[in-house]
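Taking it in order: structure first as structure tokens, then the write-up.
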Amino acid sequence: MSDDITVEVFRESAPAGLRWLVERGFSRARDLEKETPTMGTLVYRGKNVAFEFSFDARDQCIDAEVIKVERGSLRRNWDGGYSKDIYTHLVAAEGYRGSPMGSLSVHEFESKLDKAIAGWSSLLETAGSKLLSDSSESLG
């Protein structure tokens, strides 16, 4: 039996592990999410900052990006805004030098999906307070 994650499983299960973002004031922006047979995204948008979690079924990889929000719209680099992998942003902008998994302790998870989402969550909670403040100054 394969323990590969599917796009459907990602989009149905990952929001439970990201619920804390909603509790911090971010809302899920389903209208901005994408889904194909090989990839899917989840978007959590605040007033100034958004987080996009993307899953690639071929690589079995979950990535996370921070994106600037202006007037409710995501503004990536090519739109005159800002977008960067969360870990890269924290290293470059905040001087973070810790693990890409934040302060997550190494222990068993029920699935690869749970471990990946817990890692991104831990990284944001460990080093992303400025991003989580959703301030107009959050992205510099």
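The values are calculated or read from the model by the stated rules, or taken from the named source; none is laboratory data. These numbers were taken from a predicted model, which means no experiment stands behind them. Every residue, glycine among them, receives a Cβ derived from its backbone with ideal geometry; neighbour counts consider all protein chains shown. Areas reflect the complete protein model, heavy atoms only, side chains present, ligands, DNA and RNA absent. Shrake-Rupley method; radii C 1.70, N 1.55, O 1.52, S 1.80 Å.
Yes/no matrix, rows are residues, columns are (1) over 19 Å from ALA116 (Cβ atoms); (2) part of a loop (DSSP other than H, G, I, E, B); (3) open to solvent by 50 Å² or more (accessible area, probe 1.4 Å); (4) without any contact (Cβ under 8 Å) to a residue 12 or more places away in the chain:
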{"site": "SER13", "(1), (2), (3), (4)": "no, no, yes, no"}
{"site": "ALA16", "(1), (2), (3), (4)": "no, no, yes, yes"}
{"site": "GLY25", "(1), (2), (3), (4)": "yes, yes, yes, no"}
{"site": "LEU42", "(1), (2), (3), (4)": "no, no, no, no"}
{"site": "PHE53", "(1), (2), (3), (4)": "no, no, no, no"}
{"site": "ASP63", "(1), (2), (3), (4)": "no, no, yes, no"}
{"site": "LYS68", "(1), (2), (3), (4)": "yes, no, yes, no"}
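Out of LEU74, LEU124, LEU90, report the one residue that is in contact with a strand residue (DSSP E or B) (Cβ under 7 Å, 6 or more places away or on another chain), surrounded by 15 or more Cβ atoms within 10 Å (Cβ to Cβ) and under 23 Å from SER135 (Cα atoms).
On the way: LEU124 fails: in contact with a strand residue (DSSP E or B) (Cβ under 7 Å, 6 or more places away or on another chain); LEU90 fails: in contact with a strand residue (DSSP E or B) (Cβ under 7 Å, 6 or more places away or on another chain).
Sole residue among the options that is in contact with a strand residue (DSSP E or B) (Cβ under 7 Å, 6 or more places away or on another chain), surrounded by 15 or more Cβ atoms within 10 Å (Cβ to Cβ) and under 23 Å from SER135 (Cα atoms): LEU74.
Please find, among ILE67, ILE117, the residue that is modelled with pLDDT under 95 and within 11 Å of the chain's Cα centre (by Cα). First the steps, then the outcome.
On the way: ILE67 fails: modelled with pLDDT under 95.
Within the list ILE67, ILE117, the selection yields ILE117.
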